[in-house]
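Remarks on the structure that follows.
The values are calculated or read from the model by the stated rules, or taken from the named source; none is laboratory data. Note that the structure is predicted; figures quoted are calculated from it, not measured. Methodologically, a virtual Cβ is constructed for each residue, glycine included, from the backbone with ideal geometry; neighbour enumeration extends over all protein chains shown.
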Amino acid sequence: MRIKNEMRLDFPAAGKNESFARLVISAFILPLNPTLEELSDVKTAVSEAVTNAIVHGYEGGEGTVRLHATLFEDDLLRVDVIDAGRGIENIEMARTPFFTTCADDERSGMGFTVMESFMDAVQVTSKVGRGTTVRLEKRLRACEEQAARRA
Amino acid sequence: MESFPEHCGEGNDSMLSYEKHRDRLTVRLAGELDHERVGPIRAELDALIADPRVKHLVFDLTGVSFMDSSGIGLVIGRYKALARRGGRVSVAGATPRVDKIFSMAGLYSIIEKLA
Ligand SMILES: Nc1ncnc2c1ncn2[C@@H]1O[C@H](COP(=O)(O)OP(=O)(O)OP(=O)(O)O)[C@@H](O)[C@H]1O
Ligand SMILES: [Mg+2]
């Protein structure tokens, strides 16, 4: 599949970059005229993944989070959120609703569930001690409708 | 006269404002409710509900423009604190987005949703 646009951004694992990452991904897809719903879905999912990288991957310490977004010809958006942090021991368990390793920190364990419900696909690859990549994918339908209208 | 609030306050960064009336504390949150911003809000809220007279905490979320799962944690945490002293928590003004996320987490089985 051909690529329409692509971007990579590295930023330090700091809480203030959660809103920055949301702004960046919004700006990346805005030229496609997404619906407000689509925009919110993508922002929320990216926010979850970036927060996880900061809070769990680097456990609040130093590190770099990479946001790698690709937009394919068929308006499939792919966002990889990558950290080189602690990694996830049991991915299946981590993705279970309400599972959290930070209950005392008042995490609800719903981050992955939120990502799954707002995106078409969520893929997690991780290696303990090496880091985690969360791949979020969504077809932006608004673009399709526009193309149909133009045709 | 009766409906006059006893106390009013404004958070430093005005993310939070509140109104106390008898045993009810109404907290208005505004802006983007993510992990970064929930931290200071939680601290401020906990100072407010440290007052044992508070039995009913109402979150007014009308002004919340963004929320992720950090918001779920904030509400559930306060619910636990209030439930321990026989109190309760309600949510008002949730946008359809916020509603969807709360419903996903089954929050409405433990807290009341006000119109
Ligand atoms: N990037 C990551 N690195 C290491 N562990 C992770 C990462 N992302 C998620 N996890 C693990 O997966 C668990 C579940 O993540 P999820 O986002 O679903 O819930 P949470 O972050 O604990 O709570 P919430 O997102 O509701 O605040 C986390 O508690 C953590 O143990
Ligand atoms: Mg999370």
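For the range A:84-96, which residues satisfy the criterion of being among the charged types (D, E, K, R) and in a helix (DSSP H, G or I)?
Start the filter on the range A:84-96 by keeping residues that are among the charged types (D, E, K, R), which leaves A:86, A:89, A:92, A:95.
Across the range A:84-96, the qualifying residues are A:Glu92, A:Arg95.
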Quiz item: With respect to the numbered conditions (1) more than 10 Å from ligand 1 (Cβ to nearest atom); (2) surrounded by 16 or more Cβ atoms within 10 Å (Cβ to Cβ); (3) at pLDDT below 95, which one is the sole condition not fulfilled by A:Arg150?
Solution: (2)
Quiz prompt | Positions within the range A:136-147 being out of contact with any helix residue (DSSP H, G or I) (no Cβ under 9 Å at 6 or more places or on another chain) and at pLDDT 95 or above, in sequence order | solution = A:Glu137, A:Arg139
Quiz prompt | Single unsatisfied condition, B:Thr62 versus (1) buried (at least 20 other Cβ atoms within 10 Å of the Cβ); (2) of a type in the set (Ser, Thr, Tyr); (3) out of contact with any helix residue (DSSP H, G or I) (no Cβ under 9 Å at 6 or more places or on another chain) | solution = (1)
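Which residue out of B:Glu36, B:Glu44 is within 14 Å of chain A (Cβ to nearest Cβ), farther than 17 Å from B:Ile76 by Cβ and either surrounded by 12 or more Cβ atoms within 10 Å (Cβ to Cβ) or modelled with pLDDT of 95 or more (or both)? First the steps, then the outcome.
Details: B:Glu44 fails: within 14 Å of chain A (Cβ to nearest Cβ).
Only one candidate qualifies: B:Glu36.
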Self-check item: Qualifying residue in the range A:96-119 (condition: more than 13 Å from chain B (Cβ to nearest Cβ) and in contact with a Ser or Thr (Cβ under 6 Å, 6 or more places away or on another chain))
Solution: no
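Out of B:Ser65, B:Ser103, B:Ser109, I need the residue that is hydroxyl-bearing (Ser, Thr, Tyr), more than 9 Å from chain A (Cβ to nearest Cβ) and within 16 Å of ligand 1 (Cβ to nearest atom). Which one? I'd like the intermediate steps shown before the answer.
On the way: B:Ser65 fails: within 16 Å of ligand 1 (Cβ to nearest atom); B:Ser109 fails: within 16 Å of ligand 1 (Cβ to nearest atom).
Only one candidate passes the filter, namely B:Ser103.
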Quiz item: Can you tell which of A:Val65, A:Val46, A:Val114 is in contact with a Pro (Cβ under 8 Å, 6 or more places away or on another chain) and either near ligand 1 (Cβ under 10 Å from one of its atoms) or among the hydrophobic types (A, V, I, L, M, F, W, C) (or both)?
Solution: A:Val65
Exercise. All but one of (1) more than 14 Å from chain B (Cβ to nearest Cβ); (2) out of contact with any helix residue (DSSP H, G or I) (no Cβ under 8 Å at 6 or more places or on another chain); (3) not basic (Lys, Arg); (4) not in a loop (DSSP other than H, G, I, E, B) hold for A:Leu67, so report the exception by its number.
Key: (2)
Exercise. Identify, by number, the condition in (1) surrounded by 23 or more Cβ atoms within 10 Å (Cβ to Cβ); (2) within 14 Å of chain A (Cβ to nearest Cβ); (3) of a type in the set (A, V, I, L, M, F, W, C); (4) in a strand (DSSP E or B) that B:Leu29 doesn't meet.
Key: (2)
Exercise. Hey, could you check the range A:84-96 for residues that are surrounded by fewer than 21 Cβ atoms within 10 Å (Cβ to Cβ) and within 12 Å of ligand 2 (Cβ to nearest atom) and say which is farthest from A:Glu137 (Cα to Cα)?
Key: A:Ala94
Quiz item: Would it be correct to say that B:Ser17 is within 11 Å of another protein chain (Cβ to nearest Cβ), over 20 Å from A:Ala103 (Cα atoms) and polar (S, T, N, Q)?
Solution: no
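Residues of the range A:97-123 being under 15 Å from A:Thr51 (Cα atoms) and away from ligand 2 (no atom under 11 Å from the Cβ), which ones? Please lay out each step first, then the result.
To start, the set of residues in the range A:97-123 that are under 15 Å from A:Thr51 (Cα atoms) comprises A:100-102, A:105-115.
Passing the criteria: only A:Glu106.
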Quiz item: For the range A:97-135, how many residues meet the condition of being surrounded by fewer than 21 Cβ atoms within 10 Å (Cβ to Cβ), part of a loop (DSSP other than H, G, I, E, B) and touching a residue at least 40 places away in the same chain (Cβ under 8 Å)?
Solution: 5
